[in-house]
1. Checking residue 114 against (1) of a type in the set (D, E, K, R); (2) closer than 20 Å to residue 54 by Cβ; (3) in contact with a Phe, Trp or Tyr (Cβ under 6 Å, 6 or more places away or on another chain), only one condition comes out false. Which one?
2. For region 100-117: of the residues being out of contact with any Lys or Arg (no Cβ under 8 Å at 6 or more places or on another chain) and assigned to a strand (DSSP E or B), which is surrounded by the fewest Cβ atoms within 10 Å (Cβ to Cβ)?
3. Considering only region 18-96, give the strands (runs of 3 or more DSSP E) lying wholly within it that have at least 1 residues that are open to solvent by 70 Å² or more (accessible area, probe 1.4 Å).
4. Take the conditions under 17 Å from residue 41 (Cα atoms), open to solvent by less than 70 Å² (accessible area, probe 1.4 Å) and among the hydrophobic types (A, V, I, L, M, F, W, C) and apply them to residue 130. Does it pass?
5. Can you pull out the residues in region 133-147 that are surrounded by 17 or more Cβ atoms within 10 Å (Cβ to Cβ) and either touching a Gly at 6+ places or on another chain (Cβ under 6 Å) or among the polar types (S, T, N, Q) (or both)?
6. Considering only residues of region 148-170 that are in contact with a Gly (Cβ under 8 Å, 6 or more places away or on another chain) and either in a loop (DSSP other than H, G, I, E, B) or hydrophobic (A, V, I, L, M, F, W, C) (or both), which is modelled with the lowest pLDDT?
7. Could you say whether any residue in region 136-148 is hydroxyl-bearing (Ser, Thr, Tyr) and either over 21 Å from residue 58 (Cβ atoms) or touching an Asp or Glu at 6+ places or on another chain (Cβ under 6 Å) (or both)?
8. So which pairs qualify, if the first residue must be in region 150-166 and aromatic (Phe, Trp, Tyr), the second must be not in a loop (DSSP other than H, G, I, E, B), the Cβ gap must be under 8 Å, and the two must be at least 6 apart or on different chains?
Amino acid sequence: ITTVVPAEAMPEVRVERDGVSSGAHAISLANRIADELQPVANPVFDPEGNLYVTFSGSRGEKVPVSVYCIDRDDMVEPFVSDILNPTGLAWGPDDCLYVSSREEGAVYRVSSGRDVDLVADELGTATGLAFDSEGILYVGDRRGTIFRIERNGEPRSFVHLEPSVAAYHM
């Protein structure tokens, strides 16, 4: 059900149907858990419920922390550095975090021990990341190519579409 809730109704609302009003329902629309981050694309959850989000910086800018982890208690901790302009995130079937770098046109794998390894490069302006049901990684390039990353790390053009700044944040 989607509805507009007037500001004066917060923090409780009543539902009325056919002239019958319900009891009060407590609602909360959102709570800020972190600020001063700069996610370009999607955040991602790990299997334990921790949230990962990027701090990208301006194009070509090297920021002190590339990815932050926000735990289930809303504690924000630096997770990994040294990935230039991190953009898209995906949790891989190998329980590793995958991070695209739009500046480098690359994808990195970050292990639970925070080791960073290059997975693939030469991916244009790499943005969105997604895995299919077989564990194959796909990378969206703002210039319009969606790459399929073969198991050996070699990128193959999967499909070519119109260029877009936002369309390939998969």
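The values are calculated or read from the model by the stated rules, or taken from the named source; none is laboratory data. Just so it is clear, the structure is predicted and the values come from calculations on it, not from any experiment. For neighbour counting, all protein chains shown are included, and Cβ atoms are generated from backbone atoms with ideal geometry for every residue, glycine included. Please note that ligands, DNA and RNA were not included when accessible areas were found on the heavy atoms of the full protein model with its side chains. Shrake-Rupley method; radii C 1.70, N 1.55, O 1.52, S 1.80 Å.
1. Status for residue 114: all satisfied but (3).
2. Only one residue fits best here, namely 109.
3. Per the criteria, 76-80.
4. Yes.
5. 140, 141, 145, 146
6. Of everything passing the filter in region 148-170, 167 is modelled with the lowest pLDDT.
7. Yes; the residues of region 136-148 include at least one that is hydroxyl-bearing (Ser, Thr, Tyr) and either over 21 Å from residue 58 (Cβ atoms) or touching an Asp or Glu at 6+ places or on another chain (Cβ under 6 Å) (or both).
8. Hits for this filter: 158/138; 158/145; 158/146; 158/147; 158/148.
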